[in-house]
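Please treat every number below as a calculation from the coordinates, not as lab data. On a predicted model such as this, the values are computed, not experimentally measured, just so you know. A quick note on method: Cβ atoms are made from the backbone with ideal geometry, for glycine too, and the neighbour counts reach across all protein chains shown.
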Amino acid sequence: MDFGIVSAKIDEIGYIAHAENLGYSHCWVADSHMIWSNCFAVLALAARQTRTMKLGTGVNIAGLRLAPVTANGIATINRIAPGRTFLGVGTGHSAMRLMGQPPMRVKAFAEYLRVVRALIRGEEVDYTLNGKTHPITFQLRNFNYLDVEHYIPLYVAAYGPKAQALAGEYGDGLVTGIPKGGTIEQMLANVRSGAQRAGRTLDDFRITARINVVILEPGESITSERIVQENGPAFVSWLHASVDRLKESGAEPPEQLKPVWQEYLDFHLRRPAATRHQQLHGSHYTYLEPEEARFVTADMLKRFCVIGTPEEVVQQLRDLERRGLNQILCNFPLARSYRMLEDFARDVIDKY
């Protein structure tokens, strides 16, 4: 099992280097331009201050950059950290919705992945922009402005079955979340359907999942202030995403959210309509809004998190590994990031 972190703050590169020293193998730099630092700027600095850690976007949002621009960005980072670079790509959640825009549709996302994949493989590919189609490929490669000689794995971020199938069709891996993205078995079935469609095999395919872990201290309540503040930001982000899906497609919330769903929806709809999209995602994975803390109940945490003593948590994670999970992605809230980074390394990584 690999263990990765998410980072997004350009003046906290020491956090990434510290994680490498603690045994984390990957750093996924988040891409949400209305709230966090520019992901490629963070990656460039991290590449200079790490030695062995794999570095990539976690994840690059397709709707923010043309496919050739994304390919160029990661190939440029690969020049600084050759063979340590990967590219995660998604349709866009907070990055698009903080502008009042929906994520990229699946058909357009598939085309985006096709072009990006070809370019980072050093291939020529037909590319359509503004209704005009031409073949494109990176030029001046002998001058080493970028590096597509060292392989850049492509991870597709996906929570639904159609997008997860695209991971099997185009990607070297899937990056998702548990339970938001379904069970490991459901994910694998969706990925295999896409691979079958493309005539691909999945021998080296990797599944990475964002998982919230609660390591209980002796006698500690599951709703202690520490646990609520450490895991609440991720939980309410799932609520936020479900509100958007309801607005965009009328989709019902996941079964796990139904105990608090109507109360949360009523709370959300009391906000000013013109700025709801900003209030919904402004704290995204970074901190817990005080008004939203009441939705982080014991029942919700049990539905959302892996919970137990260090030994119990390790056993639960090993079970996920046996079922096909290859990497656990840790996204710690900003104010508690160093403590949680160190606690998880001591209680989980060192015991794994």
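Observations on the structure shown:
- Lysine pairs with alpha-carbon atoms under 19 Å apart, the chain, spacing 8 or more or separate chains: 9
- Positive minus negative residues near residue 111 (Lys, Arg vs Asp, Glu; Cβ under 12 Å): +2
- Relative contact order for segment 1-127, counting Cα pairs under 8 Å that sit 6 or more residues apart, in percent: 21
- Placing +1 on each Lys and Arg Cβ and -1 on each Asp and Glu Cβ, with no other charges, gives the chain a dipole about its Cα centre of roughly 940 debye.
- For residue 234, the shell of other residues with beta-carbons less than 14 Å away shows a net charge of +1, using +1 for Lys and Arg and -1 for Asp and Glu.
- For the residues 149, 123, 217, a GNM of the chain with alpha-carbon springs under 10 Å puts the largest fluctuation on 217.
- Efficiency of FRET between residue 326 and residue 255 - r from beta-carbon atoms, R0 25 angstrom, step 0.05: 0.40
- Value of D in µm² per second that Stokes-Einstein yields for segment 216-290, Kirkwood Rh from Cα pairs, at 37 °C (0.692 mPa s): 242
- Distance in nm between pseudo-label sites at residue 315 and residue 225 (7 Å out along the Cβ direction from Cα): 3.3
- In this label model, residue 263 and residue 105 are separated by 3.8 nm, measuring between points 7 Å along each Cα→Cβ vector.
- Segment 127-151 and segment 267-345 have Cα centres lying 38 Å from one another.
- Between amide H atoms placed 1.01 Å from N, distances below 5 Å from residue 10 occur with 37, all of them 5 or more places distant or on a separate chain.
- Site pair residue 139 and residue 299 shows an inter-label distance of 6.3 nm when each label is modelled 7 Å from Cα along Cα→Cβ.
- Set against the 2.2 N^0.38 Å expectation for a compact globular protein, segment 45-200 has a Cα radius of gyration ratio of 1.05.
- Here the contact order of segment 106-167, divided by its residue count and restricted to Cα pairs under 8 Å and six or more residues apart, works out to 27 percent.
- Mean sequence separation of contacting Cα pairs (under 8 Å, at least six apart), scaled by the length of segment 217-306, corresponds to a relative contact order of 49 percent.
- Equivalent ellipsoid of the chain: semi-axes from √(5λ) of the C-alpha gyration tensor, largest first, are 32, 24, 20 Å.
- Within segment 228-275: Cβ-based charge dipole about Cα centre, in debye rounded to nearest 20 (Lys, Arg +1; Asp, Glu -1): 160
- Charge dipole of segment 217-306 (Cα centre as origin; +1 on each Lys and Arg Cβ, -1 on each Asp and Glu Cβ, all else neutral): 260 debye, rounded to the nearest 20.
- Segment 88-117-segment 36-83 distance, computed between alpha-carbon centres (Å): 17
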